[in-house]
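Have a look at the structure below before the remarks.
Computed from the coordinates by the stated procedures, all read-outs in this text should not be read as laboratory data. The shown structure was predicted, so the numbers you read here are calculated from the model rather than taken from an experiment. Note that each Cβ is placed from the backbone with ideal geometry, even for glycine, and that neighbours are counted across all protein chains shown.
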Amino acid sequence: MEKIPYKIYLEEQEMPTQWYNVRADMKKKPAPLLNPETKKPVTLEELSHIFCAALAKQELDDQTPYIDIPEEIRNFYRMYRPSPLVRAYCLEEKLQTPAHIYYKFEGNNTSGSHKLNSAIAQAYYAKKQGLKGVTTETGAGQWGTALSMACSYFGLDCQVYMVKVSYEQKPFRREVMRTYGAKVTPSPSMLTEVGRRINAEFPGTTGSLGCAISEAVEAATTQEGYRYVLGSVLSQVLLHQSVIGLETQTALKKYGIKADTIIGCAGGGSNLGGLISPFAGEMLRGEADYEIIAVEPASCPSLTRGKYAYDFCDTGKVCPLAKMYTLGSGFIPSANHAGGLRYHGMSSVVSELYDQGLMTARSVEQTEVFKAATTFARVEGILPAPESSHAIKVAIDEALKCKETGEAKNIVFGLTGTGYFDMYAYQKFNDGQMSDYVPTDEELAKSLASLPTV
Ligand SMILES: *Cc1c(COP(=O)(O)O)cnc(C)c1O
């Protein structure tokens, strides 16, 4: 008889009271953000024009290991956290593997993903600073949804620039945001200078994440009482997402389980960074060892085929430069259905940990991902987001390897969200009409040729 329950729930009082900042334990720190004009490290003062002051401070803080989670944020977390760590008994049975598989499920809130963990923190600091509202971009819509929930909770105005193709193809996401009171504008729009410029240069363009970021930043810096917020990539976002890893660590400890392999999907790196932070911290301090695997789409392979270099975070080149694994800010990924994984770069924290050899990375093609998603849904019940299913795919691969070697490894992966708004993608897969696209070396060389010189 197994004594590990299907769902390891933590008590409310076991929820973390502090976020963990893995940068504090890194001997070699992630490279600083640079001012795009002077190419010098950005100052707190410069960053505070774009971000809320408290968040700008968190962004630049690579020394403080633990940062208190304000009580107001913990009160919101209490509505959907601690999130369960689930033992995937049915998946193990289906695969006939000796491995033990666990997943940390972050889809248990209306926004349907982990993004709410940072959205509520960012909205809180904006409110505390006395701002009127915030601006942001959203691709597939998960971040915009999470932020509109967070802003309505604190009574803040929320302006979302949504990549035009998603605005048109995902009307339900758009309407969820509007229901929570957000203003949603298709990007590129005619509301901003950069939007008008991009529309003139590329008539009929359906937009990109990088372009929507430029618009949102401009909207924040040209309106009194507004700041810009971002749902991934930034170090502050990884900090907030560390609640995922901290809870996972507590839950594993409670049952005396030692993880062997930890797997997360990687778009901008926030869920992966949040999940692995406390474990990477143990590795950095020489206390334990783990095999960490980042999983990205073969159509947007920043870690596995990108370059580790300073690059622009947005198309309009208004944001600070970040040193990261990147495909070049001009890289437009093919229409992969995992919208949340289509960013050209990777968090500088995840990039540096990867560069230091603390983790490995794999890229997977989307039809394989949907096959894994379907296998998972049929036995575990949860209909996973396409992004999350990248982690499922590699967890299954690893579990099948254990079947060959007979090892009873403990595999932990991040199940970042649900896929109810991705049913067109599932429909394509079910109809056998999904295809895979892998960029050629020539295509990557072309977008990488435009990296800035610093
Ligand atoms: C946004 C998103 C991701 C990818 O973003 P990261 O910052 O890399 O975590 C993964 N899964 C889901 C469900 C998302 O919404």
query: From the square roots a ≥ b ≥ c of the eigenvalues of the alpha-carbon gyration tensor of region 237-333, which class results: rounded (a/c under 1.5), prolate (a/b over b/c), or oblate?
result: prolate
message: Restricting to Cα pairs below 8 Å that are 6+ residues apart, what does the relative contact order work out to for region 202-271? Please round to a whole percent.
response: 29
statement: On each of the three principal axes the extent of the alpha-carbon atoms of region 212-264, given in whole Å and largest first, is 53, 20, 12
query: So between Thr179 and Tyr66, what do we pick up on full extension, going 0.36 nm a residue minus the alpha carbon distance?
result: 37.1 nm
query: Of all DSSP beta bridges located in the chain, what percent are antiparallel, nearest 5?
result: 35
Where chymotrypsin sites (Phe, Trp or Tyr not before Pro) fall in DSSP loop in region 188-281, at most 14 other Cβ within 10 Å: Tyr255
statement: Taking only the alpha-carbon positions of the chain as identical scatterers, the Debye log10 I(q)/I(0) at q = 0.06, 0.09 Å⁻¹ comes out as -0.22, -0.52
task: Rank the residues Thr416, Thr38, Thr110 as a footprinting-exposure proxy: fewest other Cβ atoms within 10 Å of their Cβ go first.
output: Thr38, Thr110, Thr416
- request: Might you report the magnitude of the Cβ-based charge dipole of region 1-105 about its Cα centre, with Lys and Arg at +1 and Asp and Glu at -1, to the nearest 20 debye?
  value: 400
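First check a/c for region 287-442, with a ≥ b ≥ c the square roots of the eigenvalues of its C-alpha gyration tensor; if it is under 1.5, answer rounded, and if not, answer prolate when a/b is larger than b/c or oblate otherwise. Before the final figure, lay out each step's value.
Values: a/c = 2.05, a/b = 1.22, b/c = 1.68.
Because a/c hits 1.5 or more and a/b fails to exceed b/c, region 287-442 counts as oblate.
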message: Modelling each spin label as a point 7 Å along the Cα-to-Cβ direction, I'd like the Gln169/Ala53 distance in nm, to one decimal.
response: 4.3
query: To the nearest 0.05, how large is the calculated FRET efficiency for Glu442 and Ala335 if R₀ is 22 Å and r is the Cβ-Cβ distance?
result: 0.65
- line: Rg from C-alpha atoms of region 369-438, normalised by the globular rule of thumb 2.2 N^0.38 Å, equals 1.19
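Using the 10 angstrom Cβ neighbour count as an exposure proxy, how do Ser450, Ser148, Ser299, Ser334 rank, fewest first? All intermediate terms of the calculation are to be shown ahead of the outcome.
Details: Ser450 12, Ser148 29, Ser299 21, Ser334 16.
With the sparsest Cβ surroundings first, the list reads Ser450, Ser334, Ser299, Ser148.
Work out, step by step, the length gained on full extension between Lys428 and Asn410: first 0.36 nm times the residue separation, then minus their alpha carbon distance; give nm to one decimal. Write out the running numbers ahead of the final one.
On the way: separation 18, 0.36 × 18 = 6.48 nm, distance 3.34 nm.
Length gained between Lys428 and Asn410: 3.1 nm.
Using DSSP loop states and a limit of at most 15 other Cβ atoms within 10 Å to flag GluC sites (Glu not before Pro), what is the longest stretch of the chain containing no flagged site?
Numbers: sites that count: Glu2, Glu11, Glu37, Glu224, Glu287, Glu407.
So the longest stretch without any such site is 38-223.
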task: Between beta-carbons, use under 13 Å as the cut-off and find the net charge around Thr440, counting Lys and Arg +1, Asp and Glu -1.
output: -1
message: Using Cβ contacts closer than 10 Å as the measure, can you line up Cys313, Cys265 from fewest to most?
response: Cys313, Cys265
- prompt: Each label point is 7 Å from the Cα along the Cα-to-Cβ direction; what then is the distance between the points at Glu291 and Lys7, in nm?
  reply: 3.0
query: Taking N as the number of residues in region 15-78, what is its alpha-carbon radius of gyration divided by 2.2 N^0.38 Å?
result: 1.32
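Show that you can apply the helix-only estimate: for the chain, add -39,500 (n - 2.57) for every DSSP H stretch of four or more residues, divide by all residues, and state [θ] at 222 nm to the nearest 500. Present the calculation step by step, with values, prior to reporting the outcome.
Working: 18 runs with 191 residues, N = 454.
Using -39500 (n - 2.57) per qualifying helix, the result is -12500 deg cm²/dmol.
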query: Which lysines have a Cα less than 24 Å from the Cα of Lys128, not counting those fewer than 8 places away in the same chain?
result: Lys57, Lys115, Lys183
message: Taking 8 Å as the Cα distance limit and 6 or more residues as the minimum spacing, I'd like the relative contact order of the chain as a percentage.
response: 19
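For a distance above 20 Å, tell me the whole-number percent of Cα pairs in region 231-291 that qualify.
Tail fraction, whole percent: 22.
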query: Among Tyr290, Thr135, Pro203, whose Cα lies farthest out toward the positive end of the dipole of the chain, if unit charges sit on the beta carbon of Lys, Arg (+1) and Asp, Glu (-1)?
result: Thr135
- line: Computed over all unlike Cα pairs, the Kirkwood hydrodynamic radius of region 79-162 in Å stands at 14.6
statement: Simple spin-label estimate for Asn35/Asn75, 7 Å along Cα→Cβ, in nm, reads 4.0
